[in-house]
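Notes follow the structure.
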Amino acid sequence: MTTDAGASAPRVVSLLPAATEIVAALGALDQLVGVTHECDHPAGAMHLPRVTASAIDRDASSGAIDADVRALASTGAPVFTLDAALVASLAPHVMLTQSVCAVCALPESEVDRAVAALAVSPAVVSLGGTTLDGVWDDVRRVGDAIGRRAEADALIARATARIRRVHETLKAARAPRPRVVVIEWTNPLFVAGHWSPELVRRAGGIDVLAEPGAHSVEIDVDAVRAADPEVLLFAPCGFDVSRAACEAEALIATEAWRWARDRTTWALDGNALTSRPGPRLVDGIEVMASIFAPELFEAPDDRYARRLNYKSE
C-alpha cells in the first residue's frame, strides 16, 4: 500500500509486539490505533487500545505457563482472544499479524475470522520471518503496507551497518568463537531456534545445538551438557532479565545442572533482545558480542543482561 501526498496515512492495528516495534521504528507510531495486551515497547504504544487478551498469567513461572497452555490446548480453548468489536470501532486499514507461533500471538485463523466479520476488510499483513533476512523482509512488508518503504530501507541499512561493525571488530581482533547454547524456556527445557543461532554467530559465537531458521526444540539437560557449551545464555521467551535470572539460578542450583556452575552463564532480557522478530534483534547481537568478547566491547546494560555467578564445588 502506498499513500499519495495529502492522503491520510493508513490506520494500523498491530496484533504482534514485534510488529508494533517495527511500525514505531519506521516513525509511524501515530498510525497505530490498536495494539496487543503484550505491546510494551516503545512507551508511546502503551496508551493505545488493547485489542487482545490472554488466558495465561504472563507473570507466572515458566512451568506454570507451560501447564496452563497445555491445559487450554487439551480442551481446544484459545490462549489469546481478540476483541472484534473494538477492532471494528478502530476502523483499521491495515492489520499486522504473524504466522510463526500460535503460542506467542493470535493464530492467523482467529484473525481471518475477525476480519471476515468487519464491514470493511482491512489489508492483513502476516509476518513470518524465521531468520534475520526473513525479519528484514517483514520490515519491508510492513513499510509497503503503511506507506513507509523508504523508512524501512533506511532502518534495515542502519541495522546492517551495526551488525557489520560488530563483525569487523571481531575479525580485526581474530577473536575466538565460544561454544554457546541459548535457552529459550526452562520448564520444559527448550533451546532457541529461528533467528537466535544467527544472533549468536553474528555476535562471534557458535551455537552448538540449534540451526538457523529451525523451530525451537525441547531438549534435556544431558544433551545440553553433551554439547559442552562454554557460554550459557538464559533468555526465556517474553521474560525480562530479572525473571530470566531467577529461572536460571533455580535451574543451576539443581544437581542435574551442577556441571554448568563453572561455565560462563548469563541471563538476558529475552523479551527485548531475542524473542521478538524486530529491530531490537540487533541490540541482542551487540549484547551477545559484549558477553563473548568483553575485551572488545562495552559491558552490556544490566537492565538487559546479567552475569550469574556460582561457586564450583
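The values are calculated or read from the model by the stated rules, or taken from the named source; none is laboratory data. Nothing here was measured: the structure is a model prediction, and the numbers come from that model. Cβ sites come from the backbone with ideal geometry, for glycine too, and all protein chains shown count toward neighbours.
Here are a few things to note about the model shown:
- Candidates P212, P188, P197, P236, filtered to the one that is under 20 Å from the mean Cα position of the chain (by Cα), under 30 Å from G128 (Cβ atoms), of a type outside the set (D, E) and surrounded by fewer than 16 Cβ atoms within 10 Å (Cβ to Cβ): P188
- Sole residue being within 30 Å of P122 (Cβ to Cβ) and either of a type in the set (G, A, S) or touching a helix residue (DSSP H, G or I) at 6+ places or on another chain (Cβ under 8 Å) (or both), chosen from E151, E198: E151
- Test: residue in region 111-120 that is over 29 Å from E286 (Cβ atoms) and of a type in the set (K, R): yes
- G27 satisfies every condition listed in (1) on the phi < 0 side of the Ramachandran plot; (2) of a type outside the set (S, T, Y); (3) part of a loop (DSSP other than H, G, I, E, B); (4) surrounded by fewer than 19 Cβ atoms within 10 Å (Cβ to Cβ) except (1).
- When the residues of region 130-168 are filtered to those that are closer than 20 Å to S275 by Cα and among the acidic types (D, E), the one that is surrounded by the fewest Cβ atoms within 10 Å (Cβ to Cβ) is D133.
- So A272, is it in the same structural domain as F234 (by TED's automatic domain parsing), under 21 Å from R177 (Cβ atoms) and either touching a helix residue (DSSP H, G or I) at 6+ places or on another chain (Cβ under 8 Å) or small (G, A, S) (or both): no
- Region 73-87, residues that are part of a helix (DSSP H, G or I) and loosely packed, with under 15 Cβ neighbours inside 10 Å: A73, S74, T75, A85, L86
- Breaking point among (1) under 29 Å from W195 (Cα atoms); (2) touching a helix residue (DSSP H, G or I) at 6+ places or on another chain (Cβ under 6 Å), for G63: (2)
- S62 being of a type in the set (S, T, N, Q) and either at pLDDT 95 or above or loosely packed, with under 15 Cβ neighbours inside 10 Å (or both): no
- Residue pairs whose Cβ atoms lie under 8 Å apart, separated by 6 or more positions or on different chains, with the first residue in region 202-219 and on the phi > 0 side of the Ramachandran plot and the second among the hydroxyl-bearing types (S, T, Y) and not in a loop (DSSP other than H, G, I, E, B), do not occur.
- R70 being assigned by TED's automatic domain parsing to the domain that holds R50, part of a helix (DSSP H, G or I), touching a helix residue (DSSP H, G or I) at 6+ places or on another chain (Cβ under 7 Å) and basic (K, R): no
- First in region 132-153 and in contact (Cβ under 8 Å) with a residue 24 or more places away in the chain and within 26 Å of V200 (Cα to Cα), second anywhere and surrounded by 17 or more Cβ atoms within 10 Å (Cβ to Cβ) and of a type in the set (F, W, Y), Cβ under 6 Å, 6 or more apart: L132/W195
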